[in-house]
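Quick notes on the structure that follows.
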Amino acid sequence: MRLSFRARRAVQLALTANAIRPLRGTRVGIPSFVTGWLTSELAPHLLALTVTDTAAHVARRGVRNTDRTGLALAALSTVGLGSLIASAQRAKDVVEQALAETLGPEYARSLQPPLTASDLATPWGQLMLPFRMRHPDVRIDRDIAYAQGGKRFLLDVYRPYEPVSGRPVLLQIHGGAWMTGNKEQQGVPLMLHMAARGWVCVAINYPLSPAARWPRHIVAAKQALAWVRRNIADYGGDPTFIAATGGSAGGHLAALLALTANDSAFQPDFEDVDTSVQACVPHYGVYDFAATTGARASQARLRHLLARYVVGSDPDLSLDDYVAASPLDRIGETEPPPFFVVHGEHDTLVSVREAREFVRRLRTASTNPVVYAEIPGAQHAFDIFPSIRSAHVVRGVQRFLDWVYLNRKAATP
């Protein structure tokens, strides 16, 4: 049944209001995230739809017979969607300011090619069709086995279409609460952008819970990293420079990978492989895995998700097992690589306070740069497809990784 004009505008206004001020709580967290995420990142498209629908209604009914309440709802939606677009545009300045504050105001001078105005402009042409994610200059080698075990041990390689050699590598780990997700579904805008600029990117699958119990997830990530070290030169990559990234559970795994280099407990039967990474960019990651901060949200996640489905209820498990899996509690054991931590201001699935505490501890313990960008108006998973906000974050991540790579290269004899 087709909704009336008033009902359509009322639904749109409710979605817009939730995106501006998301509902929070255990029962509404996931619905609030899904609707808020899509509304925020598709605000320009929804604004065009609202204007078109309203104009069609007025043309069909005439000015005198127009639904005045529907028009008022449409006007409020238009204002709200406009504010969401303005909030998304602020990501450009927030990311650039975060980079300049940590790397230095002149950091962009060392980038090659040099930073230009177009590198910071909103790529409106790309955003017109946000779900059309491909690039003519990028080729993808799919479903390469990095270990035995079937489709959960496969990876894809994104690389420049023209042959390259000795290029830096980005390892992408998908999220999904350690229970869902696939290598083709996340990190694609970032990998396409980086591969088009000459990087070699690797997206991995890993075993999922509840069939797979912790620590099989991080062991698989380290197996994939070991495969990259051995084989990435065949695809044009440099095995001596690997950066790790991922979102949500993938952010947790990327951060843990960066903080547990060569940890034999996570490297059964391949303890001698170098599993260090040279940079890490976790997005909206889970850092307080063991809930040692005492935060209510962390404790609820431990009880209702981790203990039930991911780690399991083995009586031999103790708090130490959770601490060993917690990036927040592994800081200081080894020197962390450079970090760029990205988190959304309106994240209803992983509290932004978790990221703030992770960054605070990292900056206390690390001699390497720790950049932190808290993205205005962003929900969880804001970077799944190209949008105004995600485009600015993607290019900020690119500038950070280019800077780390070039500085490491310059410091290496």
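Per-residue ellipticity at 222 nm from helix content only, as computed over the chain with -39500 (n - 2.57) for each DSSP H run of at least four residues, stands at -14000 deg cm²/dmol. Here region 90-411 carries DSSP beta bridges of which approximately 30% are antiparallel, counting only pairs with both residues inside. Net charge in the neighbourhood of D156 (other residues with Cβ under 14 Å of its Cβ; Lys, Arg +1, Asp, Glu -1) is +4. Label separation (E271 vs R142): 4.0 nm, computed from points 7 Å beyond Cα along the C-beta direction.
Simple point charges give the picture: +1 on the Cβ of Lys and Arg, -1 on the Cβ of Asp and Glu, and for region 90-411 a dipole about the Cα centre of about 680 debye. What pairs in K92/K183; K92/K151; K92/K409 have C-alpha atoms more than 31 Å from each other? Distance filter (> 31 Å) returns K92/K151. Peptides 135-142, 273-280 ranked from most to least packed give 273-280, 135-142, packing being the mean of other C-beta atoms within 10 angstrom over each peptide's residues. So for the pair N65, V51, with labels modelled 7 Å out along Cα→Cβ, what separation do we get in nm? Roughly 2.7 nm, to one decimal. Stretched out straight at 0.36 nm per residue, the stretch from M128 to S318 would grow longer than its current Cα-Cα span by 63.4 nm. Think of each Lys and Arg Cβ as +1 and each Asp and Glu Cβ as -1; about the Cα centre, that makes the dipole of region 5-89 roughly 340 debye.
Considering the chain at the alpha-carbon level, its Rg and Dmax are found to be 22.2, 79 Å.
Each value in this text was obtained by applying a stated rule to the coordinates, not by laboratory testing. This is a predicted model, so every value here is computed, not measured. Neighbour counts are summed over all protein chains in view; Cβ atoms, including those assigned to glycine, are modelled from backbone coordinates with ideal geometry.
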